[in-house]
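*Asks:* Would you mind keeping the following structure in view while I ask a few things?
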There are 4 protein chains.
Amino acid sequence: MKHQDLINACRGDWAAYTQHEFVQQLAQGTLAQPSYLHYLKQDFLFLKQYARAYALAIYKARTLADMRKALPSVHALLDSEIAHHVNYCGNWGLTEADLEAEDEDFGTVAYTRYVLDAGMQGDLVDLYAALAPCSIGYAEIGRNLIADSSTNRQDNPFDSWIALYGGDEFQHGVALGTAHIDQLLADIDINSQRGRELVKVFRTATRMEIAFWQQGLDVLSS
Amino acid sequence: MKHQDLINACRGDWAAYTQHEFVQQLAQGTLAQPSYLHYLKQDFLFLKQYARAYALAIYKARTLADMRKALPSVHALLDSEIAHHVNYCGNWGLTEADLEAEDEDFGTVAYTRYVLDAGMQGDLVDLYAALAPCSIGYAEIGRNLIADSSTNRQDNPFDSWIALYGGDEFQHGVALGTAHIDQLLADIDINSQRGRELVKVFRTATRMEIAFWQQGLDVLSS
Amino acid sequence: MKHQDLINACRGDWAAYTQHEFVQQLAQGTLAQPSYLHYLKQDFLFLKQYARAYALAIYKARTLADMRKALPSVHALLDSEIAHHVNYCGNWGLTEADLEAEDEDFGTVAYTRYVLDAGMQGDLVDLYAALAPCSIGYAEIGRNLIADSSTNRQDNPFDSWIALYGGDEFQHGVALGTAHIDQLLADIDINSQRGRELVKVFRTATRMEIAFWQQGLDVLSS
Amino acid sequence: MKHQDLINACRGDWAAYTQHEFVQQLAQGTLAQPSYLHYLKQDFLFLKQYARAYALAIYKARTLADMRKALPSVHALLDSEIAHHVNYCGNWGLTEADLEAEDEDFGTVAYTRYVLDAGMQGDLVDLYAALAPCSIGYAEIGRNLIADSSTNRQDNPFDSWIALYGGDEFQHGVALGTAHIDQLLADIDINSQRGRELVKVFRTATRMEIAFWQQGLDVLSS
């Protein structure tokens, strides 16, 4: 199978994630500032755990080739990606140390620890199946927002987000990662026991992404 | 330090967990049936992951004595505790296989995977610090509901829950487990680096327990 | 594939393990006492790690059925199997605490930690592929020694070992475990990438068994 | 405590490791070529597992600071250190793929899997205690060989090894790593339960280093 089979196997959840209200308000520029700030803080904490997950991918890999494929992600996460959030949050006077001291919200814990445990419980393929909704989903969202003429790009305080995830660099990185996932999935029949296990992992991780968006909106009512 | 120091270090979260609206409605017998059923289904899935966590405690233990201390919990979880939920849910025609096929809700994932990851990332003491809010908290809740004269025990469809967790058998089991935790914590100063790490683990797990109660109430509005 | 395909894929190593000089001296009753005592002490330490590995199998299992299948092994290892060695070593005045305080020899570390790491790095099937040479190999050795008319059973100080591993109870337990392994392997083609990975795990674990026998003989020259 | 306390707690094993016959023959240039080639092949396989162990250190770290401290080691191992061995072994027509396909010898499995399991079973400090004998020991050996006037540096086919591990770059890297370990150990009393656990981990890893040297010499008699 390929990654697209995983998406096809959970169409409803995939749509609920990639077309979430949070994404739509981001596209229109109508998202409340506290929601965006909460999202960024939590995404910072998310990236930290995500770096642990890619380090786990090095631990889990059986070949030097697979070990080397995961290393740039660990490097990028601990370096440039976290720096991006720190820079942005600096506008509110928040430092990296402040962000690291924030409490993780429920959705952040649910998604990140699910990925880490699915990877530890299963093998390298399970780990990538759990990681995939994040990278593939963000790339799809970014691409869609750029392609959609109704996206507000002129007067949108969140346009840097759209530019980042819709931009060539991110799209190219995800394309490489997705090719690697397709390679790992190539031998596996989606209707086998193993295939069904991977669908469950991918779908559960997708559902946790929904919780992650939602907590950004929920901050307004809490 | 002792387990009580962990509780004292997060008083607000501990109260929000042990005196949660879900618990109060349970005590009064006013909890909506769908909330209770959702809770039981999710608690079934929770117990399955919890059994994995106690198996991890055997893996993590350095001595035969500590390995043997965790074994009865794995046994009880996979046997009697899961059977209790299966029996109860049988009233709605649900079998064990049905329950195992249910989707895990966000709070279930958040709490269980946090425990498993905290235990895997740290050592045996971290694992027990993450497990503790569940056992110690349920025992405290059960004890409080039994002692509180305002608890409705005559005409309460959930009285079997109160009887179970307030009962001698559960109270005794938790007392033994808590003594073991106190023993593991004895050498650790709460104000040391190690002590602060354990407080963070205990408090985060406690916060995830709040999410677990809340999802039972949220099912009414979803 | 089936477990027999794993054996067939490493015939030379399998023979070097199951027909090792240590086994032959055991069968003839000519093994030096210090070799046997060293073996028993190390096997005690081996069983402790082996119990950790079966606990890991519970952690790694995705279904309640698979979790329950690993539990009796943890129980038997921590209880009856370790007791057997403690009883025997009691003839030399050694207690369980003495045995637990012994240093692990190189072969003991090599085999046990290989199993634990193979299981942690891969998934449940990798773990069982690493565990299999021990159970299946001991059953084959026991069966062979009983069937072989040249085995010395009258005047053999190690006959209790032969009776234990050639006996019905052990043979029956391994037959059940082997059926479970065959079930886990059923979907996997030995010539696929996954199949080759499992052959490597099984063969490496088999090679480490050879080191474990050898260290019993080496004690005489050290 | 400090790392020196760990060494002092196992003086005999430490000397047997750092002054091993293999090291002495290397210093004199009298080591048999097959022994050195076997060592290099096994050390290649060792470095691969060692990179997994440093990736595990990223997974295990609780802070971004600790995560970032382990990253350069993963990078160096997968890149320059492995390349050094591949270059050297190229003299015998061996490629990286050839080396990766070699069987791991018993000592290689014993040491690497012990480190990985000690780290997984315990926390980050256990992992560094298991890793320490390698880095600290090699630095001490390199320093001693350079300082010792009886070392043969003129006419020694293995002088590049001495130059590498006695050289400033390696010494400086280990000094930084050792300072980090001292920092992690600072709060721990060597006579506490925790201190004794770490001594055991450090000593067992040191004993496995002895097996690793020995297998280079044993290749001549096998």
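*Asks:* Would you say B:ALA132 is free of Cβ contacts under 8 Å to residues at least 24 places away in the same chain, small (Gly, Ala, Ser) and open to solvent by less than 60 Å² (accessible area, probe 1.4 Å)? Full working, then the answer.
*Replies:* Numbers: free of Cβ contacts under 8 Å to residues at least 24 places away in the same chain: no; small (Gly, Ala, Ser): yes; open to solvent by less than 60 Å² (accessible area, probe 1.4 Å): yes.
Spelling it out, it is not the case that B:ALA132 is free of Cβ contacts under 8 Å to residues at least 24 places away in the same chain, small (Gly, Ala, Ser) and open to solvent by less than 60 Å² (accessible area, probe 1.4 Å).
*Asks:* Just the residues that are in a helix (DSSP H, G or I) and among the hydroxyl-bearing types (Ser, Thr, Tyr), please, taken from segment D:208-222.
*Replies:* Looking only at segment D:208-222, we keep the residues that are in a helix (DSSP H, G or I), and these are D:208-218.
Once the filter is applied, which keeps residues that are in a helix (DSSP H, G or I) and among the hydroxyl-bearing types (Ser, Thr, Tyr), segment D:208-222 yields nothing.
*Asks:* Separate question: Return yes or no: is B:GLY107 under 26 Å from D:ASP126 (Cα atoms), within 14 Å of chain A (Cβ to nearest Cβ) and touching a residue at least 24 places away in the same chain (Cβ under 8 Å)? Write out each step before concluding.
*Replies:* Details: under 26 Å from D:ASP126 (Cα atoms): no; within 14 Å of chain A (Cβ to nearest Cβ): yes; touching a residue at least 24 places away in the same chain (Cβ under 8 Å): yes.
Spelling it out, it is not the case that B:GLY107 is under 26 Å from D:ASP126 (Cα atoms), within 14 Å of chain A (Cβ to nearest Cβ) and touching a residue at least 24 places away in the same chain (Cβ under 8 Å).
*Asks:* A follow-up question, please. Which members of segment A:120-134 meet the condition of being touching a Phe, Trp or Tyr at 6+ places or on another chain (Cβ under 8 Å) and within 13 Å of chain B (Cβ to nearest Cβ)?
*Replies:* From segment A:120-134, those touching a Phe, Trp or Tyr at 6+ places or on another chain (Cβ under 8 Å) are A:121, A:129-134; that's our starting set.
Scanning segment A:120-134 gives A:GLN121, A:ALA130.
*Asks:* Still on this model: For A:LEU37, state whether it is farther than 17 Å from A:TYR138 by Cα and either touching a Ser or Thr at 6+ places or on another chain (Cβ under 8 Å) or at pLDDT below 95 (or both). Give the steps one after another, and end with the answer.
*Replies:* Values: farther than 17 Å from A:TYR138 by Cα: yes; either touching a Ser or Thr at 6+ places or on another chain (Cβ under 8 Å) or at pLDDT below 95 (or both): yes.
When the stated conditions are applied, A:LEU37 passes them.
Residues checked against (1) more than 16 Å from the chain's Cα centre (by Cα); (2) touching a residue at least 12 places away in the same chain (Cβ under 8 Å):
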{"residue": "D:ALA51", "(1), (2)": "no, yes"}
{"residue": "D:LEU56", "(1), (2)": "yes, yes"}
{"residue": "D:LYS60", "(1), (2)": "yes, yes"}
{"residue": "D:LEU64", "(1), (2)": "yes, no"}
{"residue": "D:ARG68", "(1), (2)": "yes, no"}
{"residue": "D:VAL74", "(1), (2)": "no, yes"}
{"residue": "D:SER80", "(1), (2)": "no, no"}
{"residue": "D:HIS85", "(1), (2)": "no, yes"}
{"residue": "D:GLY90", "(1), (2)": "yes, no"}
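*Asks:* Further question on the same structure: Here's a check for you: in segment C:150-169, which residue that is hydrophobic (A, V, I, L, M, F, W, C) and touching a Leu at 6+ places or on another chain (Cβ under 6 Å) is nearest to C:GLN19 (Cα to Cα)? Walk me through how you get there before you give the answer.
*Replies:* Here is the first cut: in segment C:150-169, the ones hydrophobic (A, V, I, L, M, F, W, C) are C:158, C:161-164.
Now drop any that are not touching a Leu at 6+ places or on another chain (Cβ under 6 Å), which leaves C:158, C:162.
On the way: C:PHE158: 16, C:ILE162: 14 Å.
This residue is C:ILE162.
*Asks:* Determine which member of the set D:LEU99, D:LEU94, D:LEU145 is more than 14 Å from chain C (Cβ to nearest Cβ), buried (at least 18 other Cβ atoms within 10 Å of the Cβ) and not in a helix (DSSP H, G or I). Walk me through how you get there before you give the answer.
*Replies:* Values: D:LEU99 fails: not in a helix (DSSP H, G or I); D:LEU145 fails: not in a helix (DSSP H, G or I).
Step by step, each of D:LEU99, D:LEU94, D:LEU145 is checked, and only D:LEU94 is more than 14 Å from chain C (Cβ to nearest Cβ), buried (at least 18 other Cβ atoms within 10 Å of the Cβ) and not in a helix (DSSP H, G or I).
*Asks:* Another question about this same structure. Can you run down the residue pairs with Cβ atoms below 6 Å, 6 or more apart or on separate chains, where the first is in segment D:198-222 and over 16 Å from D:ALA15 (Cα atoms) and in contact (Cβ under 8 Å) with a residue 60 or more places away in the chain and the partner is among the small types (Gly, Ala, Ser) and in a helix (DSSP H, G or I)?
*Replies:* Listed by first residue and then by second, the contacts come to D:LEU198/D:ALA129; D:VAL201/D:ALA118; D:VAL201/D:ALA129; D:VAL201/D:ALA130; D:GLN215/D:GLY107; D:GLY216/D:SER35; D:LEU217/D:SER35; D:VAL219/D:SER35.
*Asks:* Same structure again: Please find, among B:LEU78, B:LEU116, the residue that is away from chain A (no Cβ under 14 Å) and open to solvent by less than 40 Å² (accessible area, probe 1.4 Å). Walk me through how you get there before you give the answer.
*Replies:* Values: B:LEU116 fails: away from chain A (no Cβ under 14 Å).
Just one listed residue meets the conditions, B:LEU78.
Matching residues to (1) at pLDDT 95 or above; (2) within 14 Å of chain C (Cβ to nearest Cβ):
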position: D:PHE158; (1), (2): no, no
position: D:ASP168; (1), (2): yes, no
position: D:LEU185; (1), (2): yes, no
position: D:ALA211; (1), (2): yes, yes
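*Asks:* If you don't mind, another one. Before we move on, is A:ILE210 open to solvent by less than 60 Å² (accessible area, probe 1.4 Å) and closer than 25 Å to B:ASP105 by Cβ?
*Replies:* Numbers: open to solvent by less than 60 Å² (accessible area, probe 1.4 Å): yes; closer than 25 Å to B:ASP105 by Cβ: yes.
Taking the combined requirement at face value, the residue satisfies it.
*Asks:* Let me ask something additional. For segment B:102-113, enumerate the residues that are open to solvent by 10 Å² or more (accessible area, probe 1.4 Å) and aromatic (Phe, Trp, Tyr).
*Replies:* B:PHE106
*Asks:* Considering (1) buried (at least 22 other Cβ atoms within 10 Å of the Cβ); (2) in a helix (DSSP H, G or I), say which one C:LEU31 fails and leave the rest.
*Replies:* (2)
*Asks:* From the residues in segment D:171-207 that are outside any helix (DSSP H, G or I) and aliphatic (A, V, I, L, M), which one is surrounded by the fewest Cβ atoms within 10 Å (Cβ to Cβ)?
*Replies:* That would be D:ALA186.
*Asks:* What's the total number of residues in segment B:36-73 that are open to solvent by less than 10 Å² (accessible area, probe 1.4 Å) and either within 25 Å of D:LEU116 (Cβ to Cβ) or facing chain C (nearest Cβ under 8 Å) (or both)?
*Replies:* 13
*Asks:* Looking at D:GLN24, is it closer than 23 Å to D:GLY166 by Cβ, open to solvent by 10 Å² or more (accessible area, probe 1.4 Å) and assigned to a helix (DSSP H, G or I)?
*Replies:* Yes, satisfied.
*Asks:* Another question, then. Could you please let me know if B:ALA15 is open to solvent by 10 Å² or more (accessible area, probe 1.4 Å), out of contact with any helix residue (DSSP H, G or I) (no Cβ under 9 Å at 6 or more places or on another chain), free of Cβ contacts under 8 Å to residues at least 24 places away in the same chain and part of a helix (DSSP H, G or I)? Full working, then the answer.
*Replies:* Numbers: open to solvent by 10 Å² or more (accessible area, probe 1.4 Å): yes; out of contact with any helix residue (DSSP H, G or I) (no Cβ under 9 Å at 6 or more places or on another chain): yes; free of Cβ contacts under 8 Å to residues at least 24 places away in the same chain: yes; part of a helix (DSSP H, G or I): yes.
Yes; evaluated as a whole, the condition is true for this residue.
The values are calculated or read from the model by the stated rules, or taken from the named source; none is laboratory data. Please read these numbers as outputs of a predicted model, since none were measured by experiment. Here Cβ is always computed from backbone atoms with ideal geometry, including for glycine, and neighbour counts include all displayed protein chains. Just so you know, the surface numbers come from the protein's heavy atoms only, side chains and all, with ligands and any DNA or RNA stripped out. Shrake-Rupley method; radii C 1.70, N 1.55, O 1.52, S 1.80 Å.
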